[in-house]
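None of the figures in this text is laboratory data; all of them are computed from the coordinates on show. Small disclaimer: the values here were computed from a predicted structure and weren't measured. Quick reminder, even Gly has a Cβ in these numbers, built from the backbone with ideal geometry, and neighbours come from all protein chains shown.
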């Protein structure tokens with residue numbers, strides 16, 4: 001008698017779970033996100049000091065700032081140099097006023113840039129000087145990030161043509 | 001054991017941990033080496049570096065900037081170089 005009851009219960013359970021389609025399970029999870037399994041934490045380890053992990057025989061990583069690598073100089077309350085890409089180099093200037101940066105490029109490759117999504121942010125000023133309006137300024141006031149950003153926009157514009 | 005060596009559990013090594021070198025273009029911070037396992041996102045790595053989402057990671061050049069929630073692990077090879085720079089964007 002007991003085994004018969006167990007069999008009936010088992011059949012009932014199978015029918016119940018068979019009717020529960022995957023879609024309804026997804027909907028249930030969507031409605032209650034707390035039921036969704038949490039993403040397992042991936043393994044990440046920052047080694048304490050890079051210089052301790054290499055011997056004298058190994059070339060150490062170059063830690064020169066980008067603006068020095070590119071030959072930028074500080075002059076007249078601004079930085080002057082060239083945005084350098086594999087497609088060419090363009091003269092540039094970056095000025096800082098408070099937390100905001102004013103970014104300029106001289107005689108930019110307009111033919112390529114006009115197809116870039118950031119082209120509306122390029123505003124021509126006097127002569128060959130163009131200003132690039134920044135919507136997001138670097139949070140740490142690092143002009144190296146701006147140089148890298150402008151170079152990436154130039155590179156992207158050439159790749160899209 | 002040598003103090004300079006970091007002990008990593010064998011089962012984690014078996015999962016295929018990759019070494020990456022993270023450089024900071026400003027030069028104000030020393031390059032750091034990190035070990036990342038499968039499923040590691042940009043957010044995970046930035047958190048471990050003590051950086052907020054105001055920063056971005058790119059591979060070598062600015063044209064390969066990774067998204068904040070993008071999984072880095074399959075995009076990188078062991079020994080790759082990453083740049084951590086503050087986020088900049090142009091706008092009207």
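Here are the numbers:
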{"item": "Inverse mean reciprocal Cα-Cα distance (Kirkwood Rh) of the range B:16-86, Å", "result": "11.9 Å"}
{"item": "Approximate spin-label separation residue B:15-residue A:39, in nm, with each point projected 7 Å along Cα-to-Cβ", "result": "1.4 nm"}
{"item": "Packing-based order for A:70-79, A:108-117, using average beta carbon neighbours within 10 Å, highest first", "result": "A:108-117, A:70-79"}
{"item": "Number of partner chain Cβ atoms within 10 Å, mean per residue of A:148-156", "result": "5"}
{"item": "Sequence of A:119, A:130 once ranked by neighbouring C-beta atoms within 10 Å, starting from the fewest", "result": "A:119, A:130"}
